[in-house]
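The values are calculated or read from the model by the stated rules, or taken from the named source; none is laboratory data. Fair warning: this is a prediction, and the values are worked out from it, not measured in the lab. Cβ atoms come from the backbone with ideal geometry, glycine included; neighbour counts cover every protein chain shown.
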Ligand SMILES: [Zn+2]
């Protein structure tokens, strides 16, 4: 587009990639501060909203900050200068800078955070570690011949029938529909209060994601010529091909765990790594999950991977990799929460710069994590033993 996009233009595009409805229930994603109608000429991308990020946005005349982690997670009682979150929200509002968060919906998106982490570590043939269950419906709708093309197109435009990288997937069969218009109807075919009519119809079947159901059903009602649209909408049990968590892939060449740890540390710019595993193990199949992914330790083990890279792993969770004899069944590697997700800034920058080339997209120059690693020198003396 020639003119500057609005914040809404940008967030609508992001929502199509990472639908807010695919976020986890506890999450709070979307526009957190600001006016969606404001134009965007410049924006800052950061893992977290911090005072330093806001200062960068002000210095570069940015109208928008996009973060992975939401600033507003718990309800606030007021937007005041008291407390870190409330005060920062107030400062964003006073500066007239929008704040948008794309969190677990970006984790769940194809080519989202975990896919980017997998690529960074050199994995290929990347897929979801844990595809979402129970998030799909099948819509079967009965359409008269003369409206078949327009209804099928409207469903596709509304996002129905997306399977993997394919769009507009649908299946149609021909048949005959029967109906008897009531005396108060306004039928497309036949007359009110008339006899049983029949019409050549097609049954169109499409897959619909749970978070897209409202949009698809509204588009169907709009496009379908019948006063009463006949359709079936039912849940289906297969795994969603376009939403899940974590990523799974393999290295081009197997390598010793020691070398893989070195690669993880170097490519994620991690000063130290915590891990469990046999140092002489060979790593080829690898699972990853950006951020706190210890919920999937069992899934990764079940998938038979040699190593699982995630963050926020607790002491006791490291025991989950051991078999009955205490032998590690896979390596579990924790480079740190920030370290596994900082690449989200570049991921968003590349994606947005591609689609909105007129906007200046800045990746933050700051490290937004408040955590630091301290390596003791030993000068202060050791405890008596
Ligand atoms: Zn995170």
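Tell me whether the stretch 66-74 contains one or more residues that are without any contact (Cβ under 8 Å) to a residue 12 or more places away in the chain, over 20 Å from the mean Cα position of the chain (by Cα), assigned by TED's automatic domain parsing to the domain that holds residue 99 and assigned to a loop (DSSP other than H, G, I, E, B). Within the stretch 66-74, one or more residues are without any contact (Cβ under 8 Å) to a residue 12 or more places away in the chain, over 20 Å from the mean Cα position of the chain (by Cα), assigned by TED's automatic domain parsing to the domain that holds residue 99 and assigned to a loop (DSSP other than H, G, I, E, B).
Do we find that residue 183 is outside the structural domain of residue 253 (by TED's automatic domain parsing) and either free of Cβ contacts under 8 Å to residues at least 40 places away in the same chain or out of contact with any helix residue (DSSP H, G or I) (no Cβ under 6 Å at 6 or more places or on another chain) (or both) in this structure? Explain how you work it out, then say what you get.
Details: outside the structural domain of residue 253 (by TED's automatic domain parsing): yes; either free of Cβ contacts under 8 Å to residues at least 40 places away in the same chain or out of contact with any helix residue (DSSP H, G or I) (no Cβ under 6 Å at 6 or more places or on another chain) (or both): yes.
So residue 183 passes the test.
Against the condition away from the ligand (no atom under 16 Å from the Cβ) and assigned to a strand (DSSP E or B), how does residue 375 come out, does it pass? So residue 375 does not fit the description; no. Looking at 316, 337, just one residue is modelled with pLDDT of 95 or more and within 14 Å of the ligand (Cβ to nearest atom), and that residue is 337. Taking the stretch 286-300 as the range and being away from the ligand (no atom under 16 Å from the Cβ) and either at pLDDT below 95 or surrounded by 18 or more Cβ atoms within 10 Å (Cβ to Cβ) (or both) as the test, the residues that pass are 286, 287, 297, 299, 300. Tally the residues that are in contact with a helix residue (DSSP H, G or I) (Cβ under 9 Å, 6 or more places away or on another chain) and surrounded by fewer than 19 Cβ atoms within 10 Å (Cβ to Cβ), restricting the search to the stretch 304-317. Looking only at that region, the number is 3. Count of the stretch 54-78 residues, restricted to those that are buried (at least 24 other Cβ atoms within 10 Å of the Cβ) and more than 13 Å from residue 10 (Cβ to Cβ), is 3.
What number of residues within the stretch 269-280 are surrounded by fewer than 17 Cβ atoms within 10 Å (Cβ to Cβ) and touching a residue at least 40 places away in the same chain (Cβ under 8 Å)? Going through the stretch 269-280 one residue at a time, the tally reaches 6.
Give the residue, chosen from 168, 219, 160, 200, that is free of Cβ contacts under 8 Å to residues at least 40 places away in the same chain and either assigned to a strand (DSSP E or B) or outside the structural domain of residue 13 (by TED's automatic domain parsing) (or both).
Matching residue, one of 168, 219, 160, 200: 168.
Out of 151, 143, which single residue is closer than 25 Å to residue 164 by Cα, crowded, with 18+ Cβ neighbours inside 10 Å, more than 16 Å from the ligand (Cβ to nearest atom) and assigned by TED's automatic domain parsing to the domain that holds residue 199? Criteria check complete, one pass: 151. Figure legend. Inter-residue proximity from the stretch 333-358: first residues on the phi > 0 side of the Ramachandran plot, second residues within 16 Å of the ligand (Cβ to nearest atom), beta-carbon distance below 9 Å, spacing 6+ or different chains. Indicated pairs: 336/268; 336/270; 336/311; 336/312; 336/369; 336/371.
Return the residue satisfying two criteria in turn: it lies in the stretch 15-53 and is on the phi < 0 side of the Ramachandran plot, assigned to a loop (DSSP other than H, G, I, E, B) and more than 15 Å from the ligand (Cβ to nearest atom), and of such residues it is surrounded by the fewest Cβ atoms within 10 Å (Cβ to Cβ).
Of all residues in the stretch 15-53, those on the phi < 0 side of the Ramachandran plot come to 15-29, 31-33, 35-53.
Narrowing further to those that are assigned to a loop (DSSP other than H, G, I, E, B): 18-19, 23-29, 35-38, 40-41, 47-50.
Now restrict to residues that are more than 15 Å from the ligand (Cβ to nearest atom): 19, 25, 35-38, 40-41.
Numbers: 19: 21, 25: 5, 35: 13, 36: 15, 37: 9, 38: 15, 40: 24, 41: 14.
This residue is 25.
Specify the residue that is farthest from the chain's Cα centre (by Cα); the eligible residues are those in the stretch 83-133 that are part of a loop (DSSP other than H, G, I, E, B) and more than 23 Å from residue 288 (Cα to Cα). Lay out the reasoning, then the answer.
Step one: filter the stretch 83-133 for residues part of a loop (DSSP other than H, G, I, E, B), giving 83, 96-97, 102-103, 108-112, 121-122, 132-133.
Now restrict to residues that are more than 23 Å from residue 288 (Cα to Cα): 83, 96-97.
On the way: 83: 29, 96: 27, 97: 24 Å.
For the stretch 83-133, the residue satisfying everything is 83.
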